[in-house]
1. Only one of these is modelled with pLDDT under 95, more than 30 Å from residue 148 (Cα to Cα), open to solvent by 40 Å² or more (accessible area, probe 1.4 Å) and not in a strand (DSSP E or B): 531, 515. Name it.
2. Does residue 372 satisfy being in contact with a Leu (Cβ under 7 Å, 6 or more places away or on another chain) and farther than 20 Å from residue 207 by Cα?
3. Would you pick out the residues in the range 551-585 that are hydrophobic (A, V, I, L, M, F, W, C) and in contact with a Leu (Cβ under 6 Å, 6 or more places away or on another chain)?
4. For the range 620-630, does any single residue satisfy the condition of being surrounded by 14 or more Cβ atoms within 10 Å (Cβ to Cβ), within 29 Å of residue 245 (Cβ to Cβ) and free of Cβ contacts under 8 Å to residues at least 60 places away in the same chain?
5. Any residue that is touching a helix residue (DSSP H, G or I) at 6+ places or on another chain (Cβ under 9 Å), surrounded by fewer than 14 Cβ atoms within 10 Å (Cβ to Cβ), closer than 28 Å to residue 135 by Cα and in contact (Cβ under 8 Å) with a residue 12 or more places away in the chain - is there at least one of those in the range 55-71?
6. Are any residues in the range 443-460 modelled with pLDDT under 90 and either of a type in the set (D, E, K, R) or at positive phi (or both), and if so, which ones?
7. Contact list please: Cβ distance under 9 Å, first residue in the range 537-555 and over 10 Å from residue 520 (Cβ atoms), second residue part of a strand (DSSP E or B) and basic (Lys, Arg), pairs at least six apart or on different chains.
8. Would you confirm whether or not the range 86-95 contains a residue that is surrounded by fewer than 17 Cβ atoms within 10 Å (Cβ to Cβ) and farther than 30 Å from residue 458 by Cβ?
Amino acid sequence: MPGEVIRIRGLVQGVGFRPTVWRIARDLGLVGDVRNDGAGVLVRAWSTAARLDAFCVRLRAECPPLGRIDALERSGLDLPAPAAGFTILPSELSAVSTGIVPDAATCPACLAEIRDPANRRYRYPFTNCTHCGPRLSIVRGIPYDRANTSMAVFPMCPDCAAEYADPADRRFHAQPNACPVCGPRVWLQDARGARLDPAAEGALDAIDAAARALAAGRIVAIKGIGGFHLACDASNAAAVAELRRRKRRFDKPFALMAPDLEVLCRYAAPADAELALLTGPAAPIVLLTPHPGAPALAPAVAPGQATLGFMLPYSPLHHLLGADWLRHGVGGPLVMTSGNLSDEPQCIDNAEADGRLGGIADLFLLHDRAIVNRVDDSVVRGMAGKARLLRRARGFAPAALPLPEGFAAAPPVLALGGELKSSVCLLRDGQAVISQHLGDLEDARTADAYERTIALYEDLFQHRPELLVVDRHPDYRSSRYGRSRAARDALPVVAVQHHHAHIASALAENGWALDGGRVLGIALDGLGYGDDGTLWGGEFLLADYRGYERVGHLLPAPMPGGTRAILEPWRSAYARILTHFGWAAFAARWPALESTAWLSAQPREVLDVMLARRLNSPLSSSCGRLFDAVAAVLGQCRSGVSYEGQAAIELESMALQAPPDGGAYPLTTVGADPVQLDPGALLAALFDDLAAG
């Protein structure tokens, strides 16, 4: 009887893949065994050639919901077949090249159990199986076995152990498997740390008591899968305003969690692709356009926005909280924003939350399962019929992304990212392993988490880089780390221009081969360090993966005050007016504009001196600064922004709410090699329109 070794690579650990192999093998009468190892899943099977072929076909067709087969490799096996049976062997430690599955939303089977009063997991907020539950947030190492997770401190009771050991059970080797007898516990405490008795509140349990508190207008800190949330009633204007005041998050929109899809659809109508995201295993925040006649939310939920960021419950705890919230008759969505002060990383530890959120939350819904790795909520937006990831985190990271043709032979690379909205990337075996969103490295806690995440990923994937890659900006914390690490480990380091990196990522996303030739890449962005020492951001690059030629860019303008020009958009407006018209000509041509009067009252003389002497006024071709300038002219965020990108976001919201008349403002070109796009005509037409009302 012929035998084969079948190697399966991809996302095949922690997803119920070995039981699937076992089931299909038994169906087809194969004999042999299956095990996890560092490279994925290894099968040894004996049968007829036809049945072995059928086995491989069914493996691909019946891959578990959270699994992904990237490669299925077959080779002959010159060993005698076992007498009978097909078995699952213990995991084998070896060099790691398999993937870690992202945290996944509660599956329908587990959801049915926590809703069933006759089930032993009724209302148990840590119910999971191989098709759902925490992964990256609890893992410490590979192989993905219970001993390498934060569940190691919870020994399974006999009932859970029996499920875990039964290949026919969907909880076979579900590493976070637990129940009320043996697993983590949840409780409610006040801001002083005193535990509350739910029965004294007339509540079923701590989750029901938290729902009652939310209905009464309280702010509750909730420990979830990858971090803490701060929650309140999204329709309660006083509660939302108080959350903003305490959190010191004055304008940035809050995310919303609808208790179920029916409630969500009262506020917005998700398209099919958006609906699939909301209800799928990733369950991200999805930006949706609200119904014109939707029920009212507190004005401070999303000021200056044309969209609302909605998600659905994705853990048993969130499902139970949402159901209790509905049972108490409130009915609308909850604010579900990250558990932190503005610009700080999300809390993950109970003691940390007590210290950092004690002045924000009235109550704390806590549990005793440790969050090993911070994983924020992912954010997705539908554009042109496709889902566009704005923040890649829970539900997506750290799933490896296959790279196009030509990358298989690339050496192991560690790419260290930029300063804002940071993440890191490991290149190996023709794949890119991108970390979860980490945040802005200007914050010391985020910078510490950044370095810990690098160490974690290198350990999880046993990645030993032969090359480090940094952003060309010399002062980014990520770049400084990379150069220091390169010196310490005697590794070569490559500095990559920021906008070239944007274009290379778009090539990879669209499957462009390594030797596919050059494309015209357009990168419209905030700021990146340019070859000429200026700050780039509106770039036309003739580029491939290896290099580029700058063939066009936005006509540069100064940034009076440097970073202050980012924080105070009126400075960019004034600089553009001086660049294209001069102040006297502008004021003479458009004397009656409200923005003319407003700018006249600002301390322009200080800026005039700075610009004349070129003091702290770097030139920038940034499209982001042009957005800021236009927003300021239209009266948005003139004096200052409270979060990065606010002026551009609010400008876009204005545009989305304007009647679509098909018009466009003109751009002219000047010069050559490179061509410069001159927005002077655009601004003149804009001022003319404002003058005409």
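1. 531
2. Criteria not met by residue 372.
3. Once the filter is applied, which keeps residues that are hydrophobic (A, V, I, L, M, F, W, C) and in contact with a Leu (Cβ under 6 Å, 6 or more places away or on another chain), the range 551-585 yields 551, 554.
4. The answer is yes; a qualifying residue exists.
5. Yes: one or more hits.
6. 443, 445, 459
7. 539/550
8. Among the residues of the range 86-95, at least one is surrounded by fewer than 17 Cβ atoms within 10 Å (Cβ to Cβ) and farther than 30 Å from residue 458 by Cβ, which makes the answer yes.
The values are calculated or read from the model by the stated rules, or taken from the named source; none is laboratory data. If you're wondering where the values come from, they're calculated on a predicted model, not measured in any experiment. As a convention, Cβ positions derive from the backbone with ideal geometry for all residues, glycine included, and neighbour counts pool all protein chains shown. Note: accessible area is taken over every heavy atom of the protein model, side chains too, but ligands, DNA and RNA are not part of it. Shrake-Rupley method; radii C 1.70, N 1.55, O 1.52, S 1.80 Å.
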